[in-house]
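Colleague: Take a look at this one; I'll ask things after.
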């Protein structure tokens, strides 16, 4: 009997992208997958067209366009005080997902342990599996999703090779505090562990919360692979452009893995990305203002329709409790019900966990949408589902 690789045992296809397919099939508004429904800045669209017309349609070198790497280097220096050599330390990747996989495969050996903070983006676990390493899970503490330093310490051992940390956090919206990050850094230094950080939402934080790259803490620059991207900040998720900043020997390891995975990221879009990195500070201030407005509208919609949630501190997701609905079924059934019967697609909360029982009764909403889209969500919930909750709650 023909069989597939045993490393795939227990793995499943992306639940997020499954919910997108369900949304398309049922004509639902897609608040499942985290992509904006509004256009990117016109400057970078014009730059992409110009790059195509100018003939930038062949391979770049594996680690990407020099002009783009220069501008990423300048950003990391000017914004965070991190000094990465664009020739040696920075690689342009096919999104953050590829950078995560390449990083884990570049540092972890079979049998090594890699710590994952639950809940986590669903590509982290496969990255560990592909490296034939062993995942070790540390859940955040509800309802505020704080990182308990004692629980974290118990996860570290002499077998720990790496930890993957995401802040601002998807799916909870947490922005980890300096104290939480210091607890991670202290353990990495003590146990000789590499930190792989997903900082894709570094420009989207609320209420003046600072984003603190782990690599800026004492002793962490030399042991941190800092990963981010352009898809979320500039509303170009389909361009699949990420980047990884890493000192040696990790920079070379990551580049070697990538060289035989994807060769390079899309060449003309790298030219457009270089233009994006030159947008003024006013762009980022406006970005936060607009996402703050969307967050406020999303929270009102949830509250008015019987969902319980805490406002996110960063990124553009909300995890909500739907227990007030009195729904008979788990979070997968509820997500399917909302998609198919109400016309609003969300993601079941437990799909972001590996540990059984965690994420039960929760769904995730992505509010990277036009206000008009969120108003349509409010109308669908009110007309098709709100009455059920209002009868149950007495409203």
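Colleague: Please tell me if residue 118 is in the same structural domain as residue 241 (by TED's automatic domain parsing), modelled with pLDDT of 95 or more and closer than 16 Å to residue 225 by Cβ.
Modeller: In short, no.
Colleague: So is residue 149 closer than 23 Å to residue 173 by Cβ, surrounded by fewer than 17 Cβ atoms within 10 Å (Cβ to Cβ) and in contact with a helix residue (DSSP H, G or I) (Cβ under 6 Å, 6 or more places away or on another chain) or not?
Modeller: The answer is yes for residue 149.
Colleague: When you scan region 115-206 for strands (runs of 3 or more DSSP E) that lie fully inside it, which ones turn up with 3 or more residues that are touching a residue at least 12 places away in the same chain (Cβ under 8 Å), within 21 Å of residue 253 (Cα to Cα) and more than 16 Å from the chain's Cα centre (by Cα)?
Modeller: Qualifying strands (runs of 3 or more DSSP E): 160-166.
Colleague: Right, another one. Restricting attention to region 96-114, does a residue exist that is out of contact with any strand residue (DSSP E or B) (no Cβ under 7 Å at 6 or more places or on another chain) and under 30 Å from residue 280 (Cα atoms)?
Modeller: Yes, because at least one residue in region 96-114 is out of contact with any strand residue (DSSP E or B) (no Cβ under 7 Å at 6 or more places or on another chain) and under 30 Å from residue 280 (Cα atoms).
Colleague: On to the next question. Scan 357, 314 and give me the residue that is assigned by TED's automatic domain parsing to the domain that holds residue 15, over 16 Å from residue 15 (Cβ atoms) and in contact with a strand residue (DSSP E or B) (Cβ under 7 Å, 6 or more places away or on another chain). So that I can check it myself, show each step before the final result.
Modeller: Working: 357 fails: in contact with a strand residue (DSSP E or B) (Cβ under 7 Å, 6 or more places away or on another chain).
Checking each option against the conditions leaves just 314.
Colleague: So, in region 19-41, how many residues would count as being within 14 Å of residue 363 (Cβ to Cβ) and out of contact with any strand residue (DSSP E or B) (no Cβ under 7 Å at 6 or more places or on another chain)?
Modeller: 0
Colleague: Okay, moving on. What about residue 19, is it in the same structural domain as residue 338 (by TED's automatic domain parsing), closer than 27 Å to residue 169 by Cα and assigned to a helix (DSSP H, G or I)?
Modeller: Here the answer is yes, as residue 19 does meet what is asked.
Colleague: Looking at region 324-337 only, could you name the residues that are in contact (Cβ under 8 Å) with a residue 60 or more places away in the chain and surrounded by 16 or more Cβ atoms within 10 Å (Cβ to Cβ)?
Modeller: If the condition is that a residue be in contact (Cβ under 8 Å) with a residue 60 or more places away in the chain and surrounded by 16 or more Cβ atoms within 10 Å (Cβ to Cβ), then 325, 335, 336 are the ones that fit.
Colleague: Since residue 7 meets every condition but one in (1) at pLDDT 95 or above; (2) exposed (fewer than 14 other Cβ atoms within 10 Å of the Cβ); (3) touching a helix residue (DSSP H, G or I) at 6+ places or on another chain (Cβ under 6 Å), which condition does it not meet?
Modeller: Result: residue 7 passes all but (1).
Colleague: With 321, 303 as the choices, which residue is in contact (Cβ under 8 Å) with a residue 24 or more places away in the chain and either surrounded by fewer than 20 Cβ atoms within 10 Å (Cβ to Cβ) or under 12 Å from residue 365 (Cα atoms) (or both)?
Modeller: Being in contact (Cβ under 8 Å) with a residue 24 or more places away in the chain and either surrounded by fewer than 20 Cβ atoms within 10 Å (Cβ to Cβ) or under 12 Å from residue 365 (Cα atoms) (or both) holds for just one of 321, 303, which is 321.
Colleague: Quick one: what pairs do we get from region 11-38, first residue at positive phi, second modelled with pLDDT of 95 or more and assigned to a loop (DSSP other than H, G, I, E, B), C-beta under 9 Å, 6+ apart or different chains?
Modeller: Partner pairs satisfying both residue conditions: 27/343.
Colleague: So, in region 246-277, exactly how many residues are assigned to a loop (DSSP other than H, G, I, E, B), modelled with pLDDT of 95 or more and loosely packed, with under 15 Cβ neighbours inside 10 Å?
Modeller: The number of residues fulfilling the criteria is 2.
Colleague: Would you mind listing the helices (runs of 4 or more DSSP H) fully within region 291-395 where at least 1 residues are within 30 Å of residue 234 (Cα to Cα) and modelled with pLDDT of 95 or more?
Modeller: Answer list for region 291-395: 331-337, 371-380.
The values are calculated or read from the model by the stated rules, or taken from the named source; none is laboratory data. Values in this document were obtained by computation on a predicted structure and should not be read as measured data. All Cβ positions, even for glycine, are placed from backbone atoms using ideal geometry, and neighbour counts span all protein chains on display.
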